[in-house]
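See structure below.
The values are calculated or read from the model by the stated rules, or taken from the named source; none is laboratory data. It should be emphasised that the depicted structure is a prediction, and the values quoted were computed from it without experimental measurement. All Cβ positions, even for glycine, are placed from backbone atoms using ideal geometry, and neighbour counts span all protein chains on display. Only protein heavy atoms, including side chains, enter the accessible area calculation; ligands, DNA and RNA are left aside. Shrake-Rupley method; radii C 1.70, N 1.55, O 1.52, S 1.80 Å.
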Amino acid sequence: MIVSVGAAKSAGDDDWVHLPNKCEVCKFVSIEMKSAFHETGKTKEVIGRNYRFIDGKGAPPIKYVKSDLRFIEVVENVCQRLLGYNLHKERTGSNRFAKGMSETFSTLHGLVNKGVNVVMDIPFELWNETSAEVSELKKQCDVLIERYEDVIEDWYKGSQEEDLTTYLCEKHVLKGQDAACLNEEWTAKKKGDQAAIAEDKKKKKTRKKGGEGGSEGEKSLKKKKEKKAAKKKKKSKAPVEKVSGGGDV
């Protein structure tokens, strides 16, 4: 079996390659940075600071979670983390960037695993390659980090009680600009949810009807039994005439 999947690209369709905008870049940079700080904040490691002093006395050790080293490691690696994202063309807005395989490619891989010959504009060996959009996301991340590293450091050293996305994106990177993408959230919809709900309602309705039917049947049977018992009782209470054997009839 051969399945041909063509790209739904029309002449002059600029949306076929939809590169990330400034809002989307900042959104995912802040998300990954918060995730990285959360991961590195679990350690109880303590580091020394002798390297700062010529006399060798140095400063007292400091917890890693409050150190400059932690900040540097997170900032230097955050953009690389964005390469773990994939493009989900079945989604809209900033939600098209997400980790994990897209529904489209997941379906296509499933067909290939079943032995179906899937023919696409994109060669099979490039299916899992980083898309142009994700590459651009990483590229713009590098620029953003270089430009706003001082802002991120200020947050790290004194404003961590405030959400990083709000502090970095809303108050600095996107100040006075469109920040609508920051509020976009993806709610996963499981296939067949509506069908399952409808089926569940149907079953409940059927059970209800069955219950009502059963109830009526029981009532009818009960009435029949009561009538039968009443007739039996009436018959047993009927007066019995005694006829004298010596009299004329």
Given (1) at pLDDT below 75; (2) open to solvent by less than 40 Å² (accessible area, probe 1.4 Å), number of the condition Ile2 does not satisfy = (2)
What number of residues in segment 127-147 are touching a helix residue (DSSP H, G or I) at 6+ places or on another chain (Cβ under 9 Å), open to solvent by 30 Å² or more (accessible area, probe 1.4 Å) and under 16 Å from Glu73 (Cα atoms)?
-> 1
